[in-house]
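These notes are about the structure you will find just below.
The values are calculated or read from the model by the stated rules, or taken from the named source; none is laboratory data. In this text, all values refer to a predicted model and were calculated from it rather than measured experimentally. All Cβ positions, glycine included, derive from the backbone under ideal geometry; neighbour counts span all protein chains shown.
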Amino acid sequence: MPPKQETNQRKMFIGQAASPGYVIAKTKLIVRQKVVVSQYKISREGTASQIDFFRKGIMQVKKEISNLRDITLQAVSKKDSEIFDSHLMILQDPLLIDGVISLIRDERWNAGYAFHLKMQSLIENFENSDGILKERAQDLKDIYNRTLLCLNSSESDFALQEEIEEGGAVLTGFSIGPNMLMNFDKGKILGLAIDSGSVTSHVSILARSMQIPAVMGLGSLSESIKSNDLLILDGTNGIVIVNPDENDINKYKKQIEVFQNQKLELFTMRDLEPITMDGKYIRLNANIERYEEASEITSFGASGVGLYRSEFLYFGRNALPTRKEQAEAYSKVVNQLDPLPVTIRTLDAGGDKMLALVNAEVESNPFMGWRSIRLCLDRKDIFRTQMKALIEAGSRGNLKIMFPMISSIGELEKAKEIYEECSAELRAEGLSITKVELGAMIEIPSAVIIIEEIAKRVDFLSIGTNDLIQFTLAVDRSNGKIASLYEPHHPAVLRSIKLVVEAAHKEGIPVSVCGEMASDPLSTLLLVGLGVDELSMSSWCIMECKKIIRSVNYDEARAISAEVLGFADASSINNFLKKKYSQKIKSLGISSFITAQDFTTSDRALIKIDDEIQRIGS
Amino acid sequence: MIHHKLIVQNTLGIHARPAGHIVNIASSAQSSVDLLYSGQKVNAKSILNLMMLAIEPGAEVEFIINGPDEQKTADDLTELFNNKFYEDAT
């Protein structure tokens, strides 16, 4: 059914719970500016790669739409999910696809512009007729916007429709880029309700670190509301209610109160040590991606930075960051936190974090492609610039360098060699530099298998659980159809972690876990019991984590972890852990954790929302 | 070859969702399926073609189905149209 455009009609939408918390506030729409579609003629030789780029763009968009369809199907209704089937059909209609390909091949237009031309002519066909066809152009416009974002994207395409007033607002729109989010003053953005994206999108991670509640993947929310509409944003459960009634407001006011109290209570944890009841100290570090975050982490009780994602310095720019610029950014963090340790991961671009400046090619399997340390070892100019900046900043405080995606000893040796060369060159420049600790990230199964060799060659190890789980289980967790197979407690994953811990301790070096798993309460206890020395997580998770660690006996945790290592499958492990720990976690009143398991689409379907959902999608 | 006339009985005519249902049936058929409406004939396996016909509620359309499973395809389409594309039911 088409939406009845009654004003102030109450509507409920569901999407992915991307950052916890609740807010009742007015919304401001993010609107698409007049999009400038880049337009150029390509050479005959260039046509094949442009056609390829176009096909991959379409594939990507189809994947996004299938995910939306699956979520809608499971959480709303079959009927509501069907509009996405229609959108998928449009994206494989020869009238469109062949039309665009012939514009690329015969007219030699670049993919983005060819798509723009073809879609505009289709949309005009619809709009120039009268009556019902006119409304139907909306489906095509949705597809146009979504696809163009893939083929011709630029953050500056989006802007706020109106200024945010005193008191802040929830931002709603088709999409929002990390830069846009960061450019607002603190306190202006009370929440995010975004049509596209998912829990693992960069913006979601950022929202969690900024403690802004967020719901992503809402389908077509932004088309059904206008700036200044009142809405309830429930980032804990992934629900948005537009024009809520009194009942909703009362219900959520209570929720907000409970949530705030929990938060206040947690802050009493801030200055306490993360020590188990029998005295085992577990270092709790923060993950950060902007140097501005450094000042905040101690206010959450972190004892250092366990993962500084340096790639953020590289995104959204026209030129690569210079050595000076990088050295300043790293130094700021190190200076500010000295003597606390700051572990900086070298450029980890590729996968889902493509750097247009370095690699404009679309790969068919980017997660296993030219990314991370592989890219750095091929583009030594980029790597050496960063290395020198890191070494320079290292002389100002407690800095450690961590190499991501290590899959072989060769890569590790090459990276260490570059470190030595750069150190020597800086010394020759007359700089007084100190030795920096070097570590390897363990996130590929091959690295686990040769972990003893790796452990001999580094000063510390850090397990990146997101990638380790994905590669060990061969599960792309952004694929909604198999997201339930993404199982952090799979025995293969746990035994891998155990192997890494044993190898590290044999060499007398520490092991850290960074990745979402570190902040899930059951996983926290499991990891502590496995002998992991440090956990690194979003800073807002740290106080909850402290509370959990302070409530257990290390000996008991070790015994429980040792026992589950013998179990054959994840479900018996989960059941056992729940049996052993649930009571404890419940008694601690911990509820706002985001767990990897919470994000699977099958779980989303379990969310009961009193049959109140009216429509999602069309 | 079957010429099969059907009336569009839902309240909104053939927009993206009903068109999707038609494409589903047409694409899974071995037969060729064309749709004739106000003098224009289009391939019913293309959703954009169907949408661009702007078929209004209450309109009569004619399917021209040709192939081994033409009768089954016609029956499936009849069922779809009679059920108003599964739209108006609440």
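Observations on the structure shown:
- Residue check, B:S32 modelled with pLDDT of 90 or more and either more than 9 Å from chain A (Cβ to nearest Cβ) or over 28 Å from A:I123 (Cα atoms) (or both): yes
- Scanning the range B:19-29 for residues that are within 18 Å of A:L88 (Cα to Cα) and more than 9 Å from chain A (Cβ to nearest Cβ) turns up B:I22, B:I25, B:A26, B:S28.
- Candidates A:L499, A:L535, filtered to the one that is closer than 18 Å to A:A559 by Cα and either assigned by TED's automatic domain parsing to the domain that holds A:L565 or surrounded by fewer than 24 Cβ atoms within 10 Å (Cβ to Cβ) (or both): A:L499
- Some residue of the range A:135-155 being modelled with pLDDT of 80 or more, over 30 Å from B:V23 (Cβ atoms), crowded, with 17+ Cβ neighbours inside 10 Å and more than 9 Å from every other protein chain (Cβ to nearest Cβ): no
- Within the range A:84-95, residues that are at the interface with another protein chain (Cβ under 7 Å from one of its Cβ atoms) and over 14 Å from A:D70 (Cα atoms) reach partners that are modelled with pLDDT of 90 or more and assigned to a loop (DSSP other than H, G, I, E, B) with beta carbons closer than 8 Å, at six or more positions or on different chains, in the pairs A:D93/B:S46; A:P94/B:S46; A:L95/B:S46.
- Residue selected from the range A:102-122 under the condition hydrophobic (A, V, I, L, M, F, W, C) and either within 11 Å of chain B (Cβ to nearest Cβ) or assigned to a loop (DSSP other than H, G, I, E, B) (or both), by the criterion nearest to A:I143 (Cα to Cα): A:M119
- The range A:170-283 holds helices (runs of 4 or more DSSP H) entirely within its bounds, and those carrying 1 or more residues that are over 24 Å from A:R32 (Cβ atoms) and modelled with pLDDT under 85 map to A:202-209, A:246-267.
- Single match in B:G39, B:G67 (criterion: surrounded by fewer than 16 Cβ atoms within 10 Å (Cβ to Cβ), over 23 Å from A:I123 (Cα atoms) and among the small types (G, A, S)): B:G67
- Residue-level check: of (1) under 21 Å from A:K280 (Cα atoms); (2) part of a loop (DSSP other than H, G, I, E, B), A:E563 misses just (2).
- Qualifying residue in the range A:237-247 (condition: closer than 26 Å to A:D476 by Cβ and not assigned by TED's automatic domain parsing to the domain that holds A:K62): yes
- Checking B:E56 against (1) within 10 Å of chain A (Cβ to nearest Cβ); (2) among the acidic types (D, E); (3) in contact (Cβ under 8 Å) with a residue 60 or more places away in the chain, the condition it does not meet: (3)
- Only residues that are over 26 Å from the mean Cα position of the chain (by Cα), within 17 Å of A:P321 (Cβ to Cβ), buried (at least 16 other Cβ atoms within 10 Å of the Cβ) and not hydrophobic (A, V, I, L, M, F, W, C) were counted in the range A:375-422, giving 4.
- One residue stands out among those in the range A:423-445 that are among the hydrophobic types (A, V, I, L, M, F, W, C) and outside any strand (DSSP E or B): the one that is surrounded by the most Cβ atoms within 10 Å (Cβ to Cβ), which is A:I444.
- Residues (in a helix (DSSP H, G or I) and charged (D, E, K, R)) located in the range A:379-422: A:K380, A:D381, A:R384, A:K388, A:E392, A:E411, A:E413, A:K414, A:K416, A:E417, A:E420, A:E421
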